Amino acid sequence: MTVGYDVFISYSHSADGRLGPGLRDGLHQFARPWRRLRALRVFCDKQSLSANPAVWSTIATALDQSRTFVLLASPQAAQSPWVNREVERWLAMRPRRPLLIGLTDGEIAWDGTAGDFDWERTTALPESLRAWFDEEPLWIDLRDVRADHDLNMANPAFADRIATLAAPLHGRSKDELVGEDIRQHRRGRRFRRLSLAGMAVLTILALTAGATAYLQLGQARQQRDRATAQEREATARGLVFQAQTLSVRDPATAFRLELAAHALHPSPEHRATLAADLESSRFRGVRAQVNAAKTMVVQGDLMLVGESRQASLWDLREPARRLATLPAPGVFGASVALSADGRLALVGYSNCDPVCESSAGTADLWDVSTPRTPVKTATMDPGQGPIGAVALSPGGEIAFTATDYGYDDSSPTLWDIRDRTRPRLLTGRPTETASAAGDGVFSPHGAVMATGSGLWDISRPAVHRPLAQPADGFGPSAPAFRKDGDLLVAGGDRVTLWDVRDPTRPRVLSRITDFVHPISNVVFRGDGKAILAVSEEEHTVFTYDVSDPSRPVRTLSLTGPAGVLAAGFADQDSTVLALQSDGAVIAWDAAAAGPPGRTGRPAPVLAAVGALTSEGGDAILLAGFSGPGRYPPAARATISPDGRTAVATSGPVADTVTVYDVSDPVHPAQIITFAPQVRSIGPIASHPDGHTILIGGTDDTGPAVVIWDLADPRRPAKLGTIRRAKDGGLDALAVSPDGRTAFVGGYDEAALWDVTDLRRPRSLPTSPGLVAAAQSQQVTGATFSPDGHLLLVGGISHTTIVDTTDRDRTVAAGDLPGGVSIVSGVAISRTGQLAVTSGFAQPGAKDPTPTAVVWLITDPTYPRRIAEVPTQAAVAFAADGRTLVTENNAGLPLYWDITRPAAIAEDPIAYGCRLVAGPLNEAEWRRFVPALPYRTSCPGR
C-alpha cells in the first residue's frame with residue numbers, strides 16, 4: 001500500500017461543514033516539528049480536492065492511500081450517500097485499517113451483550129458499521145465544540161479534542177504528545193527569533209518577489225475570470241439554442257431560457273435576439289390558470305371555463321381575473337355555455353367519474369348579469385346520462401342539454417327557460433340518440449339548431465322537427481354558425497364548411513383535411529371571415545381564412561406545450577385563447593402580419609400634411625387638407641405649445657401666412673393673414689414662449705428666417721432675421737425647448753443660432769455634429785428632443801442624431817441606419833425615447849412606398865428600429881408617446897398603436913419577464929443549467 005495520507009476525514013458537509021476542515025487544520029498543527037509543514041497529512045475533501053471531473057475516483061484514490069479513517073458521526077452523516085460510500089470502501093480494504101469515530105451530533109450506544117452497537121439507540125452511525133468492531137471502540141465526543149465560533153488551537157476545548165484525536169494517530173499517549181507539542185512550540189519560537197535577522201536582510205528581495213507574485217496573481221485571476229466568463233457564455237449560447245428548438249411548442253419556456261441566457265452572459269447580442277424573438281412571436285402569455293379543465297366558452301370580455309366539480313367565470317381584460325366560481329356537484333368536468341349577452345350561464349355535469357359505466361347528470365342555470373356575484377336560479381334534471389354538452393339560444397329562451405358522447409340510452413333535450421326559476425322540459429325530442437347528437441348549437445336567429453346528426457327546425461320548440469340529416473352528419477364536436485346563419489362549420493376527422501342558407505338542403509362548400517388528428521372544436525371569428533379549429537392531440541389551434549368558403553386557406557398554426565381542449569377569439573377578435581389540458585389558458589396574437597395595429601384617434605384632428613403636435617399634446621395640426629375645421633390648403637404649418645394658435649401658409653406656393661385661433665379645433669377662427677417679408681415660404685416653427693414664430697423663405701438678399709411676435713395676433717410685430725451663409729432654399733427649421741437655440745437647414749448646410757435675444761440672433765460655431773448632419777446633401781427636416789440635448793436632422797441620404805448639449809461643440813451621436821431617404825418628416829416622442837422618420841425606402845429597396853420608421857433612441861449611439869408603418873409625409877407622436885400619427889393617400893390622419901414594439905425595444909428583459917410571469921424556477925434551472933448556481937433572470941423576482 002502506498003501511503004499518501006495519515007488521515008482521511010469523512011463527514012457530512014451539511015452538518016459539519018466547519019468542523020471537518022477545522023479538525024484537518026488542527027491535526028496539521030498539533031505536535032508539528034518546527035522544520036515540517038504539517039504534523040500529519042490529512043485528506044479533507046472540501047479542502048483537498050482540486051477541480052476535477054472525476055470526483056469519486058479522486059476520493060477513492062485518497063482512501064486507498066490513507067492510513068487511518070476518521071468518521072465524524074452524526075445523523076446527517078449516517079444518511080449521507082457519500083459518507084456511506086466512503087465507509088463501505090474503507091471497510092472492504094484488506095488488511096483492516098484503523099477507523100476512529102468523532103461524535104458531532106446524535107447518539108452512539110454500545111451493547112456489550114451483543115458485542116455490537118445498540119442500533120435501536122444509535123442514530124449517528126451508518127448501517128455499514130454493523131458488526132464490524134470486535135469490541136467496544138473509543139469514540140471522541142465533539143458535540144460540545146461543534147458550534148464554537150473559533151475552531152482553532154487558541155480554543156482550549158478544541159485543542160484538547162485535537163490532542164485526544166491525534167494521540168492514536170501518532171501512536172503515543174496523550175500526555176506525551178501534549179508535552180511534545182509544547183517542546184516543538186518552544187523550538188519554533190527560538191527559530192522564529194533567529195529568523196528575524198535573516199528576514200530583515202531578505203525583506204527587499206521579498207518585496208521584489210512579492211510584487212512579481214502580485215502581478216502573477218493578477219494574471220491568474222484574469223485567466224480565471226476569463227475561463228468563468230467563457231463558461232457562462234458557452235452555457236448562454238446553449239440556452240439560446242435550446243430556446244430556438246422550444247419556441248414553437250413551448251414558447252413560455254423558450255423565453256425563460258433566453259432570459260436565463262442574458263442573465264448568465266449579458267450582451268447586446270442576447271438582448272437583441274430576445275427582442276427580435278419577442279417581436280416575432282405570437283405568444284401573448286398565460287391569461288389564466290385553472291384546474292382539471294374540460295372546456296370553455298368566450299363571450300366578449302367574459303370567459304366561462306368548465307372544470308372538475310365547478311365552473312369559473314373570468315374577466316379577460318388584462319390582467320385576467322377570476323370573477324367567481326360556480327359550484328358543480330358532479331365529480332367529472334363541467335360543460336358550459338354563455339348567452340349571447342353574457343348575462344346567463346348554463347353548467348352541465350356528471351355525477352360519476354370517467355370510468356363508471358352508468359351515471360346521471362344535471363344542469364344548473366346561473367344569472368351572471370353581475371359577474372362577481374352569480375346566482376343559481378334553477379337545476380334541470382333530464383333523468384338521463386351524464387351531461388356532456390349544453391347550449392343556450394341567442395335570446396336566452398331555450399336551453400339544450402345532451403349526454404356525453406357514446407351513451408345510447410337517452411336523447412338531447414330542449415328546455416323552455418323563459419322563466420329562469422322554473423325551466424320546463426319541452427316535448428317532441430328529436431328522434432336521435434346522444435351518440436349521434438354530439439354537441440348542439442343554435443343558429444344566430446334561433447329558429448334552427450345543428451347537432452351531430454343534422455339540422456332541426458326549432459321555431460316551435462315543443463314540436464321541433466328535422467330539416468336535414470346529411471349522410472355523414474356534422475360529427476361529434478359542436479358545429480358553429482357564422483353570425484349571419486348562412487354558413488356552418490363542423491369538425492371531426494375533417495373540417496367541413498356547409499352552405500345552410502336553405503337548411504333543408506345543406507350543401508358542402510369545402511373540406512379541410514390538412515391536419516393529422518381529429519378536430520374537436522371549431523369557432524367562427526366575429527366578422528365571419530376566419531375560423532379556428534382545435535386539434536387536442538396535436539396541441540394546436542389552426543386558423544383559416546374563409547373569406548371565400550369554397551377555398552379556405554390556413555393562416556396560422558398555434559402550438560402549445562399541452563393538449564388543447566377548447567379555443568375561442570377574444571380582445572375584439574385580435575387574440576386566440578386556447579385552453580390546455582394542463583389548465584393554462586394561453587393567449588395568442590391572431591392579427592395578420594404587418595405593421596402595428598391601427599387604433600382610434602387620441603386627440604382632435606385639425607387638418608392634414610406636415611404633422612406637428614402641441615406641447616400639451618391636446619391638438620394635432622395636419623395642414624394641407626380642408627378637413628373638419630375647414631382649413632384652406634396649405635404646405636407648411638405650426639401650432640403653439642399651448643395648442644391655441646396655429647399658423648399656416650396660404651397655399652402650396654405662398655408669400656403670406658394665416659393665423660388661426662384653434663381653441664376649438666373643429667371650429668377654427670381665422671385671425672389675420674399677413675406677408676412675413678419673405679417669399680416662397682418654407683418651414684415654419686413655433687417658439688416655446690407661445691407667441692413667437694419663425695418663418696423661413698427668401699427675401700431680396702437671399703435665404704432668410706424672419707422672427708415674428710404674435711402676442712397680439714391681430715398686430716404681428718417683426719423681431720429679427722436669420723440669414724443663411726450659403727445660397728439655396730431653406731427646408732428645415734426647429735427651436736429648442738428652452739427657446740435659446742434655433743436650427744436652420746437647407747442645401748449643404750446645417751447651422752445653429754443663438755436666439756436668446758430674438759431681435760439679434762447670433763450664429764453659433766460650425767462644429768463636428770453639424771458638419772455630419774450637412775453631409776446628407778440637403779437637410780429636409782429637423783426636431784429637438786424634449787430635453788434639448790439631441791437634434792434629429794433628416795436629409796436626402798441619411799438621418800443624423802446630433803448631441804447639442806454643448807451648442808458650441810456639437811458631436812454626431814449616431815445615425816439611423818437603413819431607414820428612409822429623402823426624409824419628409826421627423827419627430828421625437830415627449831419621453832425622448834422614440835423617434836420617427838418618414839420618407840422613401842433606401843435606394844435599391846424593393847418597395848418604394850412612402851414609409852415611416854420608428855426608432856428607439858434611448859442610446860443614440862445604438863438606435864434600434866422597432867416598427868414601420870405606411871405614410872405619405874406627415875408623422876407625429878401623440879401625447880401618450882405610444883400612438884404614432886401618419887397620413888394616408890387622402891391626406892387624412894392614421895393612428896398606430898406602437899405600445900408593444902416600443903415596450904419590447906425599451907426593455908426586452910422586463911417585457912419578457914412580464915410575458916412569462918417570471919424566470920426559470922430553481923428546479924427548472926437545475927434541469928437546464930446543472931453546472932452553474934441558480935440566479936434569477938428577472939430583477940426583483
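The values are calculated or read from the model by the stated rules, or taken from the named source; none is laboratory data. Because the structure is a prediction, the values reported are computed rather than measured. Cβ sites come from the backbone with ideal geometry, for glycine too, and all protein chains shown count toward neighbours.
Taking the stated definitions as given, is GLY788 part of a loop (DSSP other than H, G, I, E, B), in contact with an Asp or Glu (Cβ under 7 Å, 6 or more places away or on another chain), surrounded by 15 or more Cβ atoms within 10 Å (Cβ to Cβ) and not acidic (Asp, Glu)? Outline the logic, then answer.
Values: part of a loop (DSSP other than H, G, I, E, B): yes; in contact with an Asp or Glu (Cβ under 7 Å, 6 or more places away or on another chain): yes; surrounded by 15 or more Cβ atoms within 10 Å (Cβ to Cβ): yes; not acidic (Asp, Glu): yes.
Spelling it out, GLY788 is indeed part of a loop (DSSP other than H, G, I, E, B), in contact with an Asp or Glu (Cβ under 7 Å, 6 or more places away or on another chain), surrounded by 15 or more Cβ atoms within 10 Å (Cβ to Cβ) and not acidic (Asp, Glu).
I'd like the full set of residues that are among the β-branched types (Val, Ile, Thr) and more than 45 Å from the chain's Cα centre (by Cα), limited to region 449-494. Full working, then the answer.
To start, the set of residues in region 449-494 that are among the β-branched types (Val, Ile, Thr) comprises 451, 458, 463, 489.
Selection gives ILE458, VAL463.
Checking the condition at pLDDT below 95, surrounded by fewer than 21 Cβ atoms within 10 Å (Cβ to Cβ) and touching a Ser or Thr at 6+ places or on another chain (Cβ under 9 Å), which residue from ASP709, ASP727, ASP699, ASP754 passes? Walk me through how you get there before you give the answer.
On the way: ASP709 fails: at pLDDT below 95; ASP727 fails: touching a Ser or Thr at 6+ places or on another chain (Cβ under 9 Å); ASP754 fails: at pLDDT below 95.
Of the residues listed, the single one that is at pLDDT below 95, surrounded by fewer than 21 Cβ atoms within 10 Å (Cβ to Cβ) and touching a Ser or Thr at 6+ places or on another chain (Cβ under 9 Å) is ASP699.
What's the total number of residues in region 54-69 that are modelled with pLDDT of 85 or more and assigned to a helix (DSSP H, G or I)?
Here is the first cut: in region 54-69, the ones modelled with pLDDT of 85 or more are 56-69.
From the residues that got through so far, the ones that are assigned to a helix (DSSP H, G or I) too are 56-64.
Number of matching residues: 9.
Which residue, of ARG494, ARG525, ARG482, is assigned by TED's automatic domain parsing to the domain that holds LEU577 and more than 22 Å from VAL298 (Cα to Cα)? Talk me through it step by step, then tell me what you get.
Working: ARG525 fails: more than 22 Å from VAL298 (Cα to Cα); ARG482 fails: more than 22 Å from VAL298 (Cα to Cα).
Every option except ARG494 fails the conditions.
Between ALA109, ALA114, which is touching a Lys or Arg at 6+ places or on another chain (Cβ under 6 Å), assigned by TED's automatic domain parsing to the domain that holds THR68 and more than 19 Å from LEU19 (Cα to Cα)?
Details: ALA114 fails: touching a Lys or Arg at 6+ places or on another chain (Cβ under 6 Å).
Testing whether each residue is touching a Lys or Arg at 6+ places or on another chain (Cβ under 6 Å), assigned by TED's automatic domain parsing to the domain that holds THR68 and more than 19 Å from LEU19 (Cα to Cα) leaves just ALA109.
Which members of region 313-365 meet the condition of being at pLDDT 85 or above, more than 21 Å from THR413 (Cβ to Cβ) and not aliphatic (A, V, I, L, M)?
Listed by number, the residues that qualify are TRP314, ASP315, ARG321, ARG322, THR325, PRO327, ASP341, GLY342, ARG343.
Residue-wise test of (1) over 14 Å from PRO444 (Cα atoms); (2) small (Gly, Ala, Ser); (3) surrounded by fewer than 23 Cβ atoms within 10 Å (Cβ to Cβ).
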{"position": "PRO479", "(1), (2), (3)": "no, no, no"}
{"position": "ARG482", "(1), (2), (3)": "no, no, yes"}
{"position": "ARG494", "(1), (2), (3)": "yes, no, yes"}
{"position": "ARG505", "(1), (2), (3)": "yes, no, yes"}
{"position": "ARG511", "(1), (2), (3)": "yes, no, yes"}
{"position": "HIS517", "(1), (2), (3)": "yes, no, yes"}
{"position": "ASN521", "(1), (2), (3)": "yes, no, no"}
{"position": "GLY526", "(1), (2), (3)": "no, yes, yes"}
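Table: residues versus (1) crowded, with 16+ Cβ neighbours inside 10 Å; (2) under 14 Å from the mean Cα position of the chain (by Cα); (3) under 21 Å from THR837 (Cβ atoms).
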{"residue": "ALA879", "(1), (2), (3)": "yes, no, yes"}
{"residue": "THR883", "(1), (2), (3)": "yes, no, yes"}
{"residue": "ASN888", "(1), (2), (3)": "no, no, yes"}
{"residue": "ILE898", "(1), (2), (3)": "yes, no, yes"}
{"residue": "PRO908", "(1), (2), (3)": "yes, yes, no"}
{"residue": "VAL916", "(1), (2), (3)": "yes, yes, no"}
{"residue": "ASN921", "(1), (2), (3)": "no, no, no"}
{"residue": "ARG926", "(1), (2), (3)": "no, no, no"}
{"residue": "SER937", "(1), (2), (3)": "yes, yes, no"}
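Kindly indicate which of ARG601, ARG505, ARG551 is assigned to a loop (DSSP other than H, G, I, E, B), at pLDDT below 90 and either more than 30 Å from ASP277 (Cβ to Cβ) or among the aromatic types (Phe, Trp, Tyr) (or both).
Details: ARG505 fails: at pLDDT below 90; ARG551 fails: at pLDDT below 90.
So the residue among ARG601, ARG505, ARG551 that is assigned to a loop (DSSP other than H, G, I, E, B), at pLDDT below 90 and either more than 30 Å from ASP277 (Cβ to Cβ) or among the aromatic types (Phe, Trp, Tyr) (or both) is ARG601.
Cβ-Cβ distance below 6 Å, separation of 6 or more or different chains: which pairs start in region 498-516 with a residue that is touching a residue at least 40 places away in the same chain (Cβ under 8 Å) and assigned by TED's automatic domain parsing to the domain that holds ALA447 and end on one that is among the acidic types (Asp, Glu) and not in a loop (DSSP other than H, G, I, E, B)?
Correct list of pairs: LEU509/ASP499.
Give the residues of region 87-101 that are under 53 Å from the mean Cα position of the chain (by Cα) and either part of a strand (DSSP E or B) or more than 20 Å from TRP119 (Cβ to Cβ) (or both), sorted by residue number.
Hit for region 87-101 is ARG89, nothing else.
Which residues, counting only those in region 79-116, are touching a Pro at 6+ places or on another chain (Cβ under 6 Å) and among the polar types (S, T, N, Q)?
Listed by number, the list holds a single entry, ASN84.
Any chance you could count how many residues in region 247-273 are under 16 Å from the mean Cα position of the chain (by Cα) and at pLDDT 90 or above?
14
Working only within region 99-126, note down all residues that are in contact (Cβ under 8 Å) with a residue 40 or more places away in the chain and either among the hydroxyl-bearing types (Ser, Thr, Tyr) or surrounded by fewer than 14 Cβ atoms within 10 Å (Cβ to Cβ) (or both). Lay out the reasoning, then the answer.
Here is the first cut: in region 99-126, the residues in contact (Cβ under 8 Å) with a residue 40 or more places away in the chain are 100, 102-105, 123-126.
The answer is THR104, THR123.
Could you check how many residues of region 644-667 are among the aliphatic types (A, V, I, L, M) and either without any contact (Cβ under 8 Å) to a residue 24 or more places away in the chain or over 17 Å from LEU730 (Cα atoms) (or both)? If you could, list the steps in order and put the result at the bottom.
As a first pass, look at region 644-667 and keep what is among the aliphatic types (A, V, I, L, M): 646-648, 653-654, 657, 659, 662, 666.
With either without any contact (Cβ under 8 Å) to a residue 24 or more places away in the chain or over 17 Å from LEU730 (Cα atoms) (or both) added as a condition, the list becomes 646-647, 659, 662, 666.
Going through region 644-667 one residue at a time, the tally reaches 5.
Can you find, within region 152-186, the residue that is surrounded by the most Cβ atoms within 10 Å (Cβ to Cβ) among those that are among the polar types (S, T, N, Q) and touching a helix residue (DSSP H, G or I) at 6+ places or on another chain (Cβ under 8 Å)?
That would be THR164.
In this structure, does TRP110 turn out to be aromatic (Phe, Trp, Tyr), over 56 Å from the mean Cα position of the chain (by Cα) and at pLDDT 90 or above? Before you say what the answer is, go through the steps one by one.
Working: aromatic (Phe, Trp, Tyr): yes; over 56 Å from the mean Cα position of the chain (by Cα): yes; at pLDDT 90 or above: yes.
Here the answer is yes, as TRP110 does meet what is asked.
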